[in-house]
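Taken together, the values in this text are just the output of simple stated rules run on the coordinates, not laboratory data. Worth saying up front: this structure is predicted, and the values here are computed from it rather than measured. Note that each Cβ is placed from the backbone with ideal geometry, even for glycine, and that neighbours are counted across all protein chains shown.
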Amino acid sequence: MARRHDLVGLTVLAMLSVRASHPYELHRFIIDTHKDYVTGLPRSLYHAVERLAKDELIVPAKTDREGRRPERTVYEITDDGRQELATRLCRLVEQPDPDRRTLVAAVSLLGALEVPDAKRALRTRTASVEGTISGIDAHRRAMADSGLPEMLMLKLECEQALYKAELAWLRDLLDRLDKGELDWTGTVRRSLMEQALESQVLES
């Protein structure tokens, strides 16, 4: 995954926006929720925590020790960290990327945004995808007019089909949000993310 997105750091910020946790809890949560876009565990996670702490986006809150286990530092997100999370996540949602894992990551963490912010970001992405589809369509017509064999246009055809599928999904998601069917305020954050973290504390 391209470092310009820092999906590991973004995931850490999103989880710490729910509740303070130590890296082991975060590691378990990433695995248990199948966030497969996060690679290089556990090293990438610990490096991300170090970077975020250095940038003062997260800070140590306390140190826990259970029995004879090593001490574990519990981190919490700062106000700057919350702002950085919203900025990074909105950008990830808004801007289509050739690497479609970034969309998977953005959707996986969407509940960390306030609903109005999520809707604005999704609408921006929708407009961008619509423009991309129109551009591909124009390119295909130009290639066809030039007499190129259809076989040479299969790549563009495939790309356009994928973008059309994404566009249909985006429109459906926005429709569900507009109808209030997916208003996650106090729901996604609490029921899905926080309860999952709490269950790991009981299991550890």
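With bins 10 Å wide beginning at 0, the percent of Cα pairs of region 115-183 falling in each bin runs 19, 40, 22, 14, 5, 0. Along the axis of the charge dipole computed for the chain (Cβ charges of +1 for Lys and Arg, -1 for Asp and Glu, origin at the Cα centre), the listed residues GLY147, ALA121, PRO60 are led at the positive end by PRO60. Within the straight-line cut-off of under 22 Å between alpha carbons, the lysines reachable from LYS62 are LYS54, sequence neighbours fewer than 8 places apart in one chain being disregarded.
Straight-line cross-link partners of LYS164 among the lysines, defined as a Cα under 26 Å from its Cα and at least 8 positions apart when in the same chain: LYS35, LYS119, LYS155, LYS179. Sequence-ordered 3J(HN,Hα) estimates for region 169-178 from the Karplus curve with 6.51, -1.76 and 1.60 and θ = phi - 60° stand at 5, 4, 5, 5, 4, 5, 5, 5, 5, 4 Hz, glycine and proline given as x. Dividing the helix sum by the residues of the chain, where each DSSP H run of 4 or more adds -39500 (n - 2.57), gives a mean residue ellipticity at 222 nm of -19500 deg cm²/dmol. The GNM of the chain, with springs linking C-alpha atoms under 10 angstrom apart, assigns the highest mean-square fluctuation among ASP145, ASP172, ASP79 to ASP145. Shown for the chain is the translational diffusion coefficient from the Stokes-Einstein equation, using the Kirkwood radius over Cα pairs, a temperature of 37 °C and a viscosity of 0.692 mPa s: 174 µm²/s. For region 1-92, taking Cα atoms only, Rg and Dmax work out to 12.8, 43 Å respectively. The translational diffusion coefficient of region 45-136, from Stokes-Einstein at 37 °C and 0.692 mPa s with a Kirkwood hydrodynamic radius over alpha carbon pairs, comes to 212 µm²/s. With a simple spin-label model that places each label point 7 Å from the Cα along the Cα-to-Cβ direction, the separation between LYS119 and ILE31 comes to 3.9 nm. Each peptide in 12-20, 56-64 gets a packing score, the mean of other Cβ atoms within 10 Å over its residues, and the list from highest to lowest is 12-20, 56-64. For region 26-155, a simple Cβ point-charge model (Lys and Arg +1, Asp and Glu -1, everything else neutral) yields a dipole of about 320 debye relative to the Cα centre.
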